[in-house]
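Could you have a look at this structure, given as C-alpha cells, before my questions?
The values are calculated or read from the model by the stated rules, or taken from the named source; none is laboratory data. Because the structure is a prediction, the values reported are computed rather than measured. Neighbour counts run over all protein chains shown; Cβ positions are idealised from the backbone, glycine included.
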Amino acid sequence: MDIIFSIIREDTFWSILLFTHFLMAVALLAAVTLQAASVLTSARQAAGNFIDRFSPVPAASYAAVIVLLYLPQALLGAWMYLKYRLYVRIPMEQLRHWWTLGAFEFKEHIIAMGIGLLPAYWYLWRQPLSDEDAGLRRWLTIFLAVTVWYAFGAGHVANDFRGIGS
Amino acid sequence: MTRTVDVDERSPQFDSSRATDQPTSATHTRAKVRTFVFTFGIAFTLLYTVLERLNWPLFTYQPAVGKLYFWLHRPLGGEGPPMYWYGWIVNAAIAALAVGWIATNISGPWLRRATVFCCALAALWPTALAALRIYITDWATFDADFLNSVWVAAPPAFAGAAAITYYMPARLAERAWTSWLLIVPIGGLIVLGNSLLIYFVR
C-alpha cells in the first residue's frame, strides 16, 4: 500500500476505488436487470400473454457475467468497507443519520445472502438448463437482482452522505 | 471362430456399456454438484443469520489499529470500532462448506429430513425464547428469571423440530427442498431487518 500511496494521494486512491465500485455496480445492475426482465418476460410468454412475439434477451448468457461481476464487486465493497467504518459511519452516527446507517447495515446482510446463493445461481444457469428448476432459477435470479438494486441504492445514499461529489 | 464371434458379440455390448457409463457418471457428478451448491446456499444463509444474531464472528477486525483477533473481541480503549461482518461471513462460509460436503455423502431422503429439521429448529428456537421472555414479563407470578436462557428454550425447540420432521411426508420434504433456497434467505433478511428497526424508529 505504501508504494501506491507514494505515487498517488491516499484519498485519491480510495476515490478511484469507489468510482470503480460504482462503474462495476452499474454494469452489474444492467446485467441483472436485463436477465430478470428476461426471465419475467419468459414467464409471461409461457402464460400466453400479449407479448408472445417479443424475443427476450438470452438470459443464460448473462449468468457468467453476473457471477464474474458480483463476487469481485462484493470483495471490492468489503475492502472499502474498512474506510466506511471509520470515516463514514462514525460521522453518520454523530450527525444522527440513522436511516442511512440502518439502510447500509441492511445492505451488508443482503449482499451476504447474495454471496451465499451465488453458487446455486451459477449452477441453475449452467447448460443444459433444467426444466425441473425453471421456477427456482427465475426466483433466484429476481432475488439476486433485488440484492443488487438494493445495494446500489443504499450505497448511493451513503456516498451522498460522504463520498465522491458529496 | 467361436472366440472371434464371442469377441464380436461382446464388442458392441462393451461399447454401449461404456457409452452409457459416461452419461451416468456425468449425471452423477451433476447431481452431486447440485446437492452441494443447494445445501451450501441454504446452510450459508441460515448460518449467517444465526451467527449474526448470536454475534459469533470467526474473527474481529479493528480497522483503526489494524489488528485481527480470533472470535469475538470487545474493543479496548483507543482501538476504535470493531468489525464483525467479515468474521460472520467467513464463519458461515466455512461451516456451509462443511455442511455441503456432508450433504454430498448422505442419502437424499436423509438430507431432505435434515434440512427440514435444521430450518424448523432455526425458526423454533428463537420463537421459544421469545415466548419464554413474554411469559416471564407478562404472565409469571413468581421469579421466573431463570427461564430467560437459550438453553431452557432449546428442549421445546428440538422437540418441535423433531415432531415437524417426523410428521412431514417424505414427498413434501423432497418437493420443498429446493424451496428452502428462497425461504431461508428471505426469512433471514426479515429477521435481520427486524433487528435493524432500532435505526428506523429513532
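Name the pairs whose Cβ atoms lie under 8 Å apart, with the first residue in segment A:51-77 and crowded, with 20+ Cβ neighbours inside 10 Å and part of a helix (DSSP H, G or I), the second hydroxyl-bearing (S, T, Y) and at pLDDT below 95, and 6 or more positions between them or separate chains?
From residues that are crowded, with 20+ Cβ neighbours inside 10 Å and part of a helix (DSSP H, G or I), the pairs are A:Y62/A:S38.
What number of residues within segment A:91-125 are within 7 Å of chain B (Cβ to nearest Cβ) and over 27 Å from B:V37 (Cα atoms)?
4
Just name the residue that is farthest from the other protein chains (Cβ to nearest Cβ) out of those in segment B:108-136 that are within 17 Å of B:A176 (Cβ to Cβ) and small (G, A, S).
Only one residue tops the list, namely B:A120.
Let me ask something else about it. In segment B:87-125, how many residues are polar (S, T, N, Q) and touching a Ser or Thr at 6+ places or on another chain (Cβ under 9 Å)?
Of the residues in that region, 2 qualify.
Let's see how each residue does on (1) within 14 Å of another protein chain (Cβ to nearest Cβ); (2) within 19 Å of B:L111 (Cα to Cα); (3) free of Cβ contacts under 8 Å to residues at least 40 places away in the same chain:
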| position | (1), (2), (3) |
| --- | --- |
| B:F146 | no, no, yes |
| B:V152 | no, no, yes |
| B:A157 | no, no, yes |
| B:P169 | no, yes, yes |
| B:T178 | yes, yes, no |
| B:I186 | yes, no, yes |
| B:N194 | yes, no, yes |
| B:L197 | yes, no, yes |
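Filter segment B:66-88 down to residues that are touching a Leu at 6+ places or on another chain (Cβ under 9 Å) and either more than 9 Å from chain A (Cβ to nearest Cβ) or of a type outside the set (F, W, Y) (or both), then give me how many there are.
Result for segment B:66-88: 8.
Could you say which residue among B:W88, B:W101 is closer than 23 Å to A:R126 by Cβ, modelled with pLDDT of 90 or more and under 16 Å from the mean Cα position of the chain (by Cα)?
Only one candidate qualifies: B:W101.
Quickly run through segment B:37-59 and pick out the residues that are free of Cβ contacts under 8 Å to residues at least 40 places away in the same chain and either farther than 19 Å from A:Y81 by Cα or surrounded by 20 or more Cβ atoms within 10 Å (Cβ to Cβ) (or both).
Within segment B:37-59, B:L54, B:W56, B:P57 meet the criteria.
Right, here's the next one. Please enumerate the residues belonging to segment A:140-164 that are closer than 26 Å to A:L86 by Cβ and not hydrophobic (A, V, I, L, M, F, W, C).
If the condition is that a residue be closer than 26 Å to A:L86 by Cβ and not hydrophobic (A, V, I, L, M, F, W, C), then A:T147, A:Y150, A:G153, A:G155, A:H156, A:N159, A:D160, A:R162, A:G163 are the ones that fit.
Sort through A:S15, A:S55, A:S38 and tell me the only one that's of a type in the set (S, T, N, Q) and at pLDDT below 85.
Result of the check over A:S15, A:S55, A:S38: A:S55.
In segment B:133-151, how many residues are over 25 Å from the mean Cα position of the chain (by Cα) and assigned to a helix (DSSP H, G or I)?
Within segment B:133-151, residues that are over 25 Å from the mean Cα position of the chain (by Cα) and assigned to a helix (DSSP H, G or I) number 10.
Looking at B:L124, B:L147, can you tell me which residue is touching a helix residue (DSSP H, G or I) at 6+ places or on another chain (Cβ under 7 Å) and crowded, with 16+ Cβ neighbours inside 10 Å?
So the residue among B:L124, B:L147 that is touching a helix residue (DSSP H, G or I) at 6+ places or on another chain (Cβ under 7 Å) and crowded, with 16+ Cβ neighbours inside 10 Å is B:L124.
Just to be sure, is A:L136 farther than 22 Å from B:Y84 by Cβ, in contact (Cβ under 8 Å) with a residue 12 or more places away in the chain, at the interface with chain B (Cβ under 9 Å from one of its Cβ atoms) and surrounded by fewer than 21 Cβ atoms within 10 Å (Cβ to Cβ)?
For A:L136, the condition - farther than 22 Å from B:Y84 by Cβ, in contact (Cβ under 8 Å) with a residue 12 or more places away in the chain, at the interface with chain B (Cβ under 9 Å from one of its Cβ atoms) and surrounded by fewer than 21 Cβ atoms within 10 Å (Cβ to Cβ) - is met.
Residue-wise test of (1) under 24 Å from B:I164 (Cα atoms); (2) in a helix (DSSP H, G or I); (3) among the aliphatic types (A, V, I, L, M).
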residue	(1), (2), (3)
B:T45	yes, yes, no
B:Y48	yes, yes, no
B:W88	no, yes, no
B:N91	no, yes, no
B:I94	no, yes, yes
B:C119	yes, yes, no
